[in-house]
2 protein chains.
Amino acid sequence: MTPDAGRAGRPTLAVVGATGTVGAVMLQILSQRADIWGEIRLIASPRSAGRKLAVRGEQVEVVALSEDAFDGVDVVMFDVPDEVAGQWAPVAAAHGAVVVDNSGAFRMDPDVPLVVPEVNAHAVRRRPRGIVANPDCTTLSMIVALGALHAEFGLRELVVSSYQAVSGAGRAGVETLRRQLSLVAGTELGTHPGDVRRAVGDDTGPFPEPVALNVVPWAGSLREDGWSSEEMKVRDESRKILGLPTLPVAVTCVRVPVVTTHSLTVHARFEGEVTVDKAREILATAPGVVLFDNPAAGEYPTPADVVGTDPTWVGRVRRALDDPTALELFVCGDNQRKGAALNATQIAELVAAEPRSHTGRDAARGD
Amino acid sequence: MTPDAGRAGRPTLAVVGATGTVGAVMLQILSQRADIWGEIRLIASPRSAGRKLAVRGEQVEVVALSEDAFDGVDVVMFDVPDEVAGQWAPVAAAHGAVVVDNSGAFRMDPDVPLVVPEVNAHAVRRRPRGIVANPDCTTLSMIVALGALHAEFGLRELVVSSYQAVSGAGRAGVETLRRQLSLVAGTELGTHPGDVRRAVGDDTGPFPEPVALNVVPWAGSLREDGWSSEEMKVRDESRKILGLPTLPVAVTCVRVPVVTTHSLTVHARFEGEVTVDKAREILATAPGVVLFDNPAAGEYPTPADVVGTDPTWVGRVRRALDDPTALELFVCGDNQRKGAALNATQIAELVAAEPRSHTGRDAARGD
């Protein structure tokens with residue numbers, strides 16, 4: 001029996017942007033998880049068409065993005081730039097596929113649910129445009145843990161600072177850090193004003209400043225009043241996912257010289273008094289969360305340990321010393337797995353598990 | 001005329017720990033600032049005695065730490081471990097010198113002022129033990145900017161996250177990062193769980209985890225309820241310096257792969273409504289502060305630009321979107337200059353500028 005024979009009658013999945021960094025992680029994750037799919041179709045820009053990529057142990061030829069590419073597709077995951085998603089996601093939806101989009105094009109559209117399966121799986125069902133949005137990687141790196149705490153304690157306020165990995169800026173971000181590290185390693189750089197900048201030269205890649213031996217308080221593009229787009233995403237998306245449209249959220253996003261895995265410090269204030277014991281109990285049992293928190297034994301998550309894993313790791317759980325309603329946390333999540341490819345795959349699986357009348361064109365028009 | 005002749009009648013300064021990392025920066029700063037001192041005596045452990053170090057363009061021989069070493073000394077700056085300072089600072093004070101101590105031994109002693117000249121210069125005068133404490137480098141990297149904002153707006157709450165450089169852990173910290181960078185540069189490391197840890201080996205120097213291609217949410221030793229000593233210092237010292245003994249301060253301290261210059265994100269809540277314009281006006285004119293904040297032009301401070309400079313640099317000034325009484329800031333300060341050697345030197349200069357009856361043994365008994 002060929003693998004295909006056992007897949008008869010199962011839904012067809014497509015991946016648009018299969019040749020990108022997150023696309024590659026999607027194919028890896030699809031090869032690791034329980035195989036619920038019939039055909040998995042790989043779609044990319046015309047210049048990548050004809051390439052073969054491995055998924056589920058088979059070589060699959062990439063087809064060019066076109067309307068016909070969505071023929072017979074039940075669910076499609078997009079990982080492409082905002083403007084490409086903005087153009088093609090509605091095309092795929094009109095063709096009857098449920099779209100899971102990882103761009104920023106639709107996340108704040110009131111007719112597009114923004115879904116984190118551990119937090120608001122129910123929201124996936126109301127999708128009048130046939131599109132479900134996958135949150136930003138920074139939001140995703142913390143929101144599963146916060147959703148679990150919110151369900152018990154009732155969140156009132158968040159103050160968040162990020163320590164964001166360079167792969168959040170894609171392959172160019174990783175290549176830039178690696179190039180800069182080769183230039184600064186083995187030197188005495190980092191002790192005089194501008195010495196790192198002079199050593200790495202003007203090519204700072206997708207970053208505004210050198211990122212080796214440095215931290216850069218900027219991610220994304222400039223929004224009103226000095227906010228970065230990344231900071232606005234963390235605030236607006238957290239509110240939407242948690243169903244708390246007026247939650248006060250203060251965010252500062254900072255890039256650090258880490259390849260993959262975003263970290264965040266979180267100051268979370270709740271409706272009433274909290275205890276560390278209860279918080280730890282919640283985090284220890286929440287799906288998708290690993291509590292790794294024993295400073296006496298040197299246990300707290302760091303990107304070097306968390307990278308390549310699926311869960312949201314939480315450590316440094318403390319009650320604020322001066323506010324019995326607030327907790328301090330340090331959270332790590334792989335920005336390419338839970339932060340992008342894994343969450344999109346989980347959403348696609350949620351859709352595929354719906355009674356058949358909910359998938360495809362019918363449900364795309366809402367319920 | 002020899003340099004010495006012009007220095008007759010000026011106060012004698014001693015530096016204890018002259019051969020250490022911060023000691024070296026003290027000598028550099030003493031060579032750069034207006035020269036108000038008579039003799040500058042260099043003191044270190046007996047094994048460093050006899051070495052010659054440059055200060056004010058002259059070679060000065062290091063003498064061994066002993067009671068006699070304080071003969072005739074008016075002001076002495078200590079940069080030695082807590083236990084050495086705890087033993088020898090009172091000896092120097094009993095010998096008639098005013099001690100400026102950069103260890104953690106005396107900072108929270110109610111009879112020892114904790115001084116940042118731009119914020120609470122007045123506090124230096126009441127020093128019944130003859131000792132003035134210099135704050136921790138992390139506190140110092142933000143407190144000048146916060147002091148200026150507090151003076152205008154009245155601080156009500158702080159939530160702070162740090163991005164701390166490895167030189168905060170001394171020479172061993174810098175050497176550890178440099179060794180680890182040499183091992184990871186030019187590799188594909190940083191994308192699989194534990195690959196960085198395997199590459200750098202078990203020798204993580206003064207840090208509990210690898211610091212290259214990583215961030216580590218720990219600095220200092222374990223205190224009650226999961227707090228680190230560094231986090232407690234930032235809270236307790238900020239309160240003491242600002243004269244706000246009950247100020248709520250929430251802190252998470254994180255080590256990053258930067259050689260020198262600590263960065264902090266600050267969420268600061270004030271008594272009433274604040275405006276960004278007024279905050280910028282305060283920061284632009286505050287002594288010891290540089291406002292570097294124009295994201296449209298790519299202007300925000302980073303450690304690579306700030307290292308080696310004296311001021312506290314402030315950027316990313318925003319009003320919290322959901323709280324008109326709160327500001328968000330990103331602050332950078334050289335942890336060895338303003339964070340240690342410079343502030344100690346400024347305190348020593350404050351003491352030296354007092355009417356003569358205030359210096360030496362008389363003032364050491366308080367006023």
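The values are calculated or read from the model by the stated rules, or taken from the named source; none is laboratory data. A quick note: this is a predicted structure, and the numbers were derived from the prediction, not measured. Here the Cβ positions follow ideal geometry from the backbone for every residue, glycine too, while neighbour counts run over all protein chains shown.
General observations
- Lone qualifier among B:112, B:160, B:91, B:144 - being in a loop (DSSP other than H, G, I, E, B) and either among the hydrophobic types (A, V, I, L, M, F, W, C) or buried (at least 24 other Cβ atoms within 10 Å of the Cβ) (or both): B:112
- Taken residue by residue, region A:17-38 has no member that is hydrophobic (A, V, I, L, M, F, W, C) and assigned to a strand (DSSP E or B).
- Number of positions in region A:288-314 that are over 19 Å from residue B:222 (Cβ atoms), assigned to a loop (DSSP other than H, G, I, E, B) and either in the same structural domain as residue A:118 (by TED's automatic domain parsing) or not hydrophobic (A, V, I, L, M, F, W, C) (or both): 5
- Extreme residue, surrounded by the fewest Cβ atoms within 10 Å (Cβ to Cβ), among residues of region B:202-244 that are among the hydrophobic types (A, V, I, L, M, F, W, C) and touching a Leu at 6+ places or on another chain (Cβ under 7 Å): B:244
- For residue B:125, the conditions (1) in contact with a strand residue (DSSP E or B) (Cβ under 8 Å, 6 or more places away or on another chain); (2) surrounded by fewer than 24 Cβ atoms within 10 Å (Cβ to Cβ); (3) not small (Gly, Ala, Ser) all hold with the exception of (1).
- Only a single item in (1) more than 7 Å from every other protein chain (Cβ to nearest Cβ); (2) surrounded by 19 or more Cβ atoms within 10 Å (Cβ to Cβ); (3) without any contact (Cβ under 8 Å) to a residue 60 or more places away in the chain is not met by residue A:305, and it is number (1).
- Residue B:154 among the small types (Gly, Ala, Ser), modelled with pLDDT of 95 or more and more than 29 Å from residue B:80 (Cβ to Cβ): yes
- Among the residues of this structure, residue A:219 does not count as one that is in the same structural domain as residue A:172 (by TED's automatic domain parsing), outside any loop (DSSP other than H, G, I, E, B) and of a type outside the set (S, T, N, Q).
- Among the residues of this structure, residue B:240 does not count as one that is out of contact with any strand residue (DSSP E or B) (no Cβ under 9 Å at 6 or more places or on another chain), part of a helix (DSSP H, G or I) and either in the same structural domain as residue B:212 (by TED's automatic domain parsing) or not β-branched (Val, Ile, Thr) (or both).
- Region A:335-348 residues that are under 15 Å from residue A:75 (Cβ atoms), paired with ones that are of a type in the set (Asp, Glu) (beta carbon under 8 Å, 6 or more apart): A:341/A:79; A:344/A:79
- One residue alone among B:162, B:182 is assigned by TED's automatic domain parsing to the domain that holds residue B:317, within 18 Å of residue B:337 (Cβ to Cβ) and hydroxyl-bearing (Ser, Thr, Tyr), and that residue is B:162.
- Residues in region B:94-105 that are in contact (Cβ under 8 Å) with a residue 40 or more places away in the chain and buried (at least 24 other Cβ atoms within 10 Å of the Cβ): B:97, B:98, B:100, B:102.
- Filtered residues of region B:16-67 (kept if loosely packed, with under 15 Cβ neighbours inside 10 Å, touching a residue at least 40 places away in the same chain (Cβ under 8 Å) and among the aliphatic types (A, V, I, L, M)): B:36
- Scanning region A:196-227 for residues that are more than 8 Å from every other protein chain (Cβ to nearest Cβ), of a type outside the set (Gly, Ala, Ser) and over 18 Å from residue A:260 (Cβ atoms) yields A:198, A:200, A:202, A:203, A:204, A:223, A:224.
- Out of B:248, B:257, one residue alone is touching a residue at least 40 places away in the same chain (Cβ under 8 Å) and closer than 18 Å to residue A:182 by Cα. It is B:257.
- Checking each residue in region A:132-154 for being in contact (Cβ under 8 Å) with a residue 60 or more places away in the chain and in contact with a Phe, Trp or Tyr (Cβ under 7 Å, 6 or more places away or on another chain) picks out A:153, A:154.
- Boolean, residue B:210 is more than 24 Å from the chain's Cα centre (by Cα) and closer than 17 Å to residue B:163 by Cα: yes
- Selection from region B:245-286 of residues that are surrounded by fewer than 18 Cβ atoms within 10 Å (Cβ to Cβ), out of contact with any Phe, Trp or Tyr (no Cβ under 7 Å at 6 or more places or on another chain), assigned to a loop (DSSP other than H, G, I, E, B) and more than 10 Å from every other protein chain (Cβ to nearest Cβ): B:245, B:272, B:273, B:275
- Any hit, region B:320-334, residues being assigned to a loop (DSSP other than H, G, I, E, B) and buried (at least 22 other Cβ atoms within 10 Å of the Cβ): yes
- Residue list for region A:176-195, restricted to those being surrounded by 15 or more Cβ atoms within 10 Å (Cβ to Cβ) and either charged (D, E, K, R) or more than 12 Å from chain B (Cβ to nearest Cβ) (or both): A:176, A:178, A:179, A:195
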